[in-house]
Amino acid sequence: MCWRREQQVRRCFDRAHPLSQPSYQPLPQPQVKHVGEHKKVARGSARNVLLVIVDDLRPDLGVYGRSWAHTPHLDKLGAQGTVFSSAHAAIANCCPSRAAVLTGRRPDWNGVVDLYTHVRQHEPNTITLPQHLKDSGWNTAFHGKVFHHGQNDGSRSWSRQHGPDWAYGQYMTSGRGVPVGNHFNLLHERGHDVNPRGFNYTDHALASLAIHTMRRLNAAPEPWFLAVGFIRPHLPFIAPAPFYDRFLQNRTATVPAPPRVTAPRGASDLTAKSVEGEGLTEIQGNYGYRGSLHWNPTRSSEGSILAGAYAACVSWVDSQVGRVVRFLDGSGARSQTVVAVIGDHGWKLGHLGGWGKHSLMTQDTHVPLIIRTPQHGPSGSGGRVVHEPVELIDLYPTLVELAGAPAVPPLHKLMGRSLKPALFNTTSKTKLSSAWAANAFAISQWPYGHDWSNAPPCMGYSVRVPGWTLVQWVHSPMRCTNHRCNGPLRGRDHAEWASIAELRDPCVHNADLFKTPPTYGVHPEVEPDRDNVISKHPGQAARMRQLLADTMKIPRRAVGLT
């Protein structure tokens, strides 16, 4: 009964996880080094970086205007730093989203669109964010789900690795659910009363490992990069009893219903089908659920309860992020450390009639992004909210710049832009920030029918600028079946992309334009993708199609331009 006293907890944890003992062995150095490897830097001229990635995390946090959320630690971090209210993933799926973040390159270029493609399969000499920092003199370490499960890139990216690998089945408390392979017979569960603090839950263990690693990293002379990948609120939604009970009492949820529970009005055929069809593939395909998921006025339906369980998991993981940040701040390293917290993609909780991720809709690509730097807080510049759309691929150049690391070698072309101009409210940044904001946009993508063998060959793209979202489906040589996608890369296989332009295009007429309030990110009562108004605003659609064509190197005809 190790959870009864804190000293017992520490002794039990140390026995269960030998890595918390003083031994700290580096992995063998990689044999392949990227071109232009840089000189090492001293800690005095560099910043540490703590990157927290939370699996399947919507921006359901108090700091994002979610009044029902109980996320005091992330809310505090947002008040101390800068909150980006309209941040979007490159793609609404775990593996490719993380690959895009950690390479700074879009899925069409790095070739990672599904759950199985390794980040180096198509670009073996790619330079990941931790690899660049490692080769520049930083100690780099990780715990949990940073790259996708089983794809952690070894010593190419990491100076040190710790602890046993994790598996989804380990996140289950003992009780009704019995795992069978990768399938579960439950979607949510309340933790046992005997363990209210969640000791030995995976996210608790990951937070403890991160704290022990930070203690050692702080003692070393080099700057460090630590990535921590928390698992909740990924399915199944299991949280310790106090967190679960906060949102679910007597099978009644306290989470409000989505603002719209059917597909966007007037949506194009592929957009509507991608929301309503693929919106259930995770729950039904991966977890075998066949029941009804809907909302009712009393919030006692299975859909309402599932949303409450999701909120409980968000609150639970907030408490574990809080443990890590609290240790950092108490260790004396806050003044030397940049902290960034992101979700890897969003998740529909009945929004637009879908459940899960896997679409181009805002509910699936919209994620929290909070950055706190040593310049925040004491200077009074914390609490800034940026409403312009940004992309998670912007994080790579941002953290490199904030860390004081050398520029990334030009052979590795980053596709995002630094968010540093948007971080502070100081007068000296006003003109630069205005220029930065004028060019703000975010692009996401999703292959139609990623697990349907007879799906048309269409890749969807969503383009977001302040006040507008365009969804455009494009004829693509990419082919996806059973969650696996293969096809030519945009930056390399030019002939294959050119040849498809000569074929009949079954995709281009599927397009949507949504008028979105610029501050929708902090107004959950607003559904930003409610009505397709493309026929009423052809000029706006044309401008956004041109932006898509220029950014993604797509022929004008393929995006509906003449």
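Each value in this text was obtained by applying a stated rule to the coordinates, not by laboratory testing. Note that the coordinates shown come from a computational prediction; the quantities given were computed from them, not determined experimentally. Here Cβ is always computed from backbone atoms with ideal geometry, including for glycine, and neighbour counts include all displayed protein chains.
A cut-off of 5 Å between modelled amide H atoms, ignoring neighbours fewer than 5 places along the same chain, links residue 66 with 61.
Based on the alpha-carbon gyration tensor of the range 51-439 and its eigenvalue square roots a ≥ b ≥ c, which shape applies: rounded if a/c is under 1.5, prolate if not and a/b is larger than b/c, or oblate? Judged from the Cα gyration tensor, the range 51-439 comes out rounded (a/c under 1.5). The charge dipole of the range 51-439, taken about its Cα centre with unit charges on the Cβ of Lys, Arg, Asp and Glu (plus for the first two, minus for the last two), comes to roughly 640 debye.
Listed values for the range 518-526 are Karplus-derived 3J(HN,Hα) couplings in whole Hz (6.51 cos²θ - 1.76 cosθ + 1.60, θ = phi - 60°), namely x, 9, 4, x, 10, 10, x, 6, 9, and x replaces Gly and Pro.
Give me the number: length gained by fully extending residue 245 to residue 536, i.e. 0.36 nm times residue separation minus the C-alpha to C-alpha distance, one decimal in nm. Walk me through the numbers before you get to the answer.
Values: separation 291, 0.36 × 291 = 104.76 nm, distance 4.69 nm.
Roughly 100.1 nm would be gained on extension.
Straight-line cross-link partners of residue 273 among the aspartates and glutamates, defined as a Cα under 14 Å from its Cα and at least 8 positions apart when in the same chain: 451, 512. Scalar couplings 3J(HN,Hα) for the range 323-333, obtained by applying the Karplus form with A = 6.51, B = -1.76, C = 1.60 to θ = phi - 60°, are 4, 5, 5, 4, 5, 4, 5, x, 7, x, 9 Hz; x denotes Gly and Pro. In nanometres, what is the gap between the two model label sites at residue 269 and residue 495, each 7 Å from Cα along Cα-to-Cβ? Inter-label distance under the simple model: 3.3 nm. The trypsin sites (Lys or Arg not before Pro) of the range 484-536 that meet both conditions, a loop assignment by DSSP and at most 15 other Cβ atoms within 10 Å of the site Cβ, are 492, 504, 536. Full extension of the chain segment joining residue 502 with residue 407 gains 30.2 nm, where the gain is 0.36 nm per residue of separation less the Cα-Cα distance. Relative to one another, the C-alpha centroids of the range 267-346 and the range 99-146 are positioned 23 Å apart. Working from Cα pairs under 8 Å separated by at least six residues, relative contact order for the range 51-439 is 30 percent. Approximating the spin labels as points 7 Å out from Cα along Cα→Cβ, the residue 551-to-residue 276 distance works out to 2.9 nm. Rounded to the nearest 5, the antiparallel percentage of DSSP beta bridges internal to the range 51-439 is 35%. Here's how it looks for residue 148: its modeled amide H is under 5 Å from none belonging to a residue 5 or more places away or on a different chain. Shown is the FRET efficiency for residue 252 and residue 284, computed with R0 = 25 Å from the Cβ-Cβ distance and rounded to the nearest 0.05: 0.50. Computed from phi, the 3J(HN,Hα) profile of the range 250-264 under the Karplus parametrisation 6.51, -1.76, 1.60 (θ = phi - 60°) reads 6, 6, 10, 8, 9, 8, x, 6, x, x, 8, 10, 10, 4, x Hz, with x in place of Gly and Pro.
Put simply, the amide H of residue 227, placed in the peptide plane, has neighbours under 5 Å in 51, 141, 142, 143, leaving out anything fewer than 5 places away on its chain.
Once you have a ≥ b ≥ c as the square roots of the Cα gyration tensor eigenvalues for the range 233-338, tell me rounded if a/c is under 1.5, and otherwise prolate or oblate according to whether a/b is larger than b/c. Taking the square roots of the gyration eigenvalues as a ≥ b ≥ c, the range 233-338 is prolate.
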